[in-house]
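A.B. asks: For reference, the structure I am asking about is given below.
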Amino acid sequence: MNSKNKKHLVCSLDDLKKAEAFGTEIVIDGTTTACFLIYHENLVYSYLNSCPHTGINLDWTPNQFLNSDNEFIQCSTHGALFNIKDGLCLRGPCVGDRLQLIENEVFENNIYLIS
Ligand code: FES
């Protein structure tokens, strides 16, 4: 079954602004898939919650996706750092790999993930 362009309502933009980052799950082609969202410099970024190093979730502590300066996405297992804007790993055991981007759309203060 092709579920391209299916929209998944996740939360309001206001909720993400308050939290800055949090994890969620959506169902893609019948499979529950962990994702996370970040609000950064007035934009919403969303990725699969899967580190390219081992495939594990990035947030050992739930919803802790950013480093202490909130400048980078950080994997809590081995500390890899990723660009917030494109998911590129800049430091750690998977340098040069990327987080998998998930499209999102903001409409009338609601955030949707697109699969
Ligand atoms: S599992 Fe993410 S850096 Fe190793």
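A.B. asks: Which ones in segment 81-115 are open to solvent by less than 40 Å² (accessible area, probe 1.4 Å) and either in contact (Cβ under 8 Å) with a residue 40 or more places away in the chain or under 22 Å from GLU25 (Cβ atoms) (or both)?
C.D. replies: The answer is PHE82, ILE84, GLY87, CYS94, LEU99, ILE102, ILE111, LEU113, ILE114, SER115.
A.B. asks: Let me ask something else about it. Return yes or no: is LEU90 among the aliphatic types (A, V, I, L, M), in contact with a Leu (Cβ under 9 Å, 6 or more places away or on another chain), over 26 Å from LEU13 (Cβ atoms) and within 13 Å of the ligand (Cβ to nearest atom)? I'd like the intermediate steps shown before the answer.
C.D. replies: Working: among the aliphatic types (A, V, I, L, M): yes; in contact with a Leu (Cβ under 9 Å, 6 or more places away or on another chain): yes; over 26 Å from LEU13 (Cβ atoms): yes; within 13 Å of the ligand (Cβ to nearest atom): yes.
Yes: the conditions hold for LEU90.
A.B. asks: Take ASN57 and tell me if it is touching a Cys at 6+ places or on another chain (Cβ under 8 Å) and closer than 17 Å to LEU101 by Cβ.
C.D. replies: Numbers: touching a Cys at 6+ places or on another chain (Cβ under 8 Å): yes; closer than 17 Å to LEU101 by Cβ: yes.
Considered against the rule, which asks whether it is touching a Cys at 6+ places or on another chain (Cβ under 8 Å) and closer than 17 Å to LEU101 by Cβ, ASN57 comes out as yes.
A.B. asks: Right, ILE56: open to solvent by less than 50 Å² (accessible area, probe 1.4 Å) and either under 15 Å from the mean Cα position of the chain (by Cα) or more than 12 Å from the ligand (Cβ to nearest atom) (or both) or not?
C.D. replies: Values: open to solvent by less than 50 Å² (accessible area, probe 1.4 Å): no; either under 15 Å from the mean Cα position of the chain (by Cα) or more than 12 Å from the ligand (Cβ to nearest atom) (or both): yes.
It is false that ILE56 is open to solvent by less than 50 Å² (accessible area, probe 1.4 Å) and either under 15 Å from the mean Cα position of the chain (by Cα) or more than 12 Å from the ligand (Cβ to nearest atom) (or both).
A.B. asks: Another question about this same structure. Would it be correct to say that PHE36 is within 16 Å of the ligand (Cβ to nearest atom) and under 13 Å from ILE111 (Cα atoms)?
C.D. replies: Working: within 16 Å of the ligand (Cβ to nearest atom): yes; under 13 Å from ILE111 (Cα atoms): yes.
So PHE36 fits the description; yes.
The values are calculated or read from the model by the stated rules, or taken from the named source; none is laboratory data. All values derive from a computational prediction rather than experimental measurement. For neighbour counting, all protein chains shown are included, and Cβ atoms are generated from backbone atoms with ideal geometry for every residue, glycine included. Note: accessible area is taken over every heavy atom of the protein model, side chains too, but ligands, DNA and RNA are not part of it. Shrake-Rupley method; radii C 1.70, N 1.55, O 1.52, S 1.80 Å.
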